[in-house]
Amino acid sequence: MSRYIISLTSIPPRFSGLQSTLRSLLNQTVPPENVILYLSRHYVRYPDWDGQLPQVPEGVETRLVDENWGPATKLLPALKDFAGEDLEILFCDDDQIYRPNMAARFLEAR
């Protein structure tokens, strides 16, 4: 099976619920090479956000980006960061728990 990473983003109101989502991504039957959480340094919609980053489980990398592209924040920075690499990128949402075989099924179906 190909090398792959998982990319996702989130917003401050959802930070408290990220742990379960991230753990479900780390616990895939075909483990990702990396799980990357892309977060914006600033959120126009959340001017009162104090800049505190969410706690993430070991194995999740948080990368900060200067521009907020909304949901595309999980897409655009990852495509730039991994351009030219022989690597699959699985883009996920931050608001659900993923079944352990989700990544394997997507990789097989693609």
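The values are calculated or read from the model by the stated rules, or taken from the named source; none is laboratory data. Everything numeric here is computed off the predicted structure, so don't read it as measured data. Heads up, the Cβs are rebuilt from the backbone with ideal geometry, glycines too, and the neighbour counts pull from every protein chain shown. These accessible areas exclude ligands, DNA and RNA; they are computed on the full protein's heavy atoms, side chains included. Shrake-Rupley method; radii C 1.70, N 1.55, O 1.52, S 1.80 Å.
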For the pair residue 108 and residue 41, what calculated FRET efficiency results from E = 1/(1 + (r/R0)^6), where r is the Cβ-Cβ distance and R0 = 41 Å, to the nearest 0.05?
0.65
From phi via Karplus (6.51, -1.76, 1.60), per-residue ³J(HN,Hα) for the stretch 58-74 in Hz, x at Gly/Pro
4, x, 9, 9, 9, 10, 8, 10, 6, 10, 9, 9, x, x, 6, 5, 7
Listed residues 12, 47, 32; largest mean-square fluctuation, Gaussian network over the chain with Cα springs below 10 Å, found at 47
Here the gain from full extension of residue 16 to residue 50, 0.36 nm per residue of separation minus their alpha-carbon distance, amounts to 10.8 nm
Of all GluC sites (Glu not before Pro) in the stretch 46-98, the ones in DSSP coil with at most 15 other Cβ atoms within 10 Å are 58, 67, 85
Whole-Hz Karplus ³J(HN,Hα) for the stretch 12-24, in order, using 6.51 cos²θ - 1.76 cosθ + 1.60 and θ = phi - 60°, x for Gly and Pro?
x, x, 9, 4, 5, x, 6, 3, 5, 4, 5, 5, 5
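What does the charge count around residue 18 come to, taking other residues whose C-beta lies under 10 Å from its C-beta (Lys +1, Arg +1, Asp -1, Glu -1)?
Net local charge, residue 18 excluded: 0.
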Taking amide H positions as placed in the peptide plane 1.01 Å from N, state which residues far from residue 4 in sequence (5 or more) or on other chains have amide H under 5 Å from it.
33, 88
Using a 1.4 Å probe on the protein chains only, how many percent of the accessible area of the chain belongs to carbon and sulfur?
49 percent
In Å³ per residue, the alpha-carbon convex hull of the stretch 14-110 encloses 104 Å³
Explain nothing, just compute: Karplus ³J(HN,Hα) = 6.51 cos²θ - 1.76 cosθ + 1.60, θ = phi - 60°, for every residue of the stretch 35-43 in order, whole Hz, x for Gly and Pro.
10, 10, 9, 8, 10, 7, 6, 9, 10
Label-point gap, in nm, between residue 61 and residue 33 - each point 7 angstrom along Cα→Cβ:
1.0 nm
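Calculate, for the chain, the solvent-accessible area per residue in square angstrom, rolling a 1.4 angstrom probe over the heavy atoms of the protein chains.
With the other protein chains kept in place, the chain gives 61 Å² per residue.
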Residues with amide H under 5 Å of residue 65's amide H, sequence separation 5 or more or different chain, H placed in the peptide plane at 1.01 Å from N; which?
39, 40, 41
Under a GNM of the chain (C-alpha, springs under 10 Å), which listed residue has the highest mean-square fluctuation: 37, 18, 53?
53
In this structure, the FRET efficiency calculated for residue 85 and residue 24 from their beta-carbon separation, with R0 = 25 Å, to the nearest 0.05, is 0.50
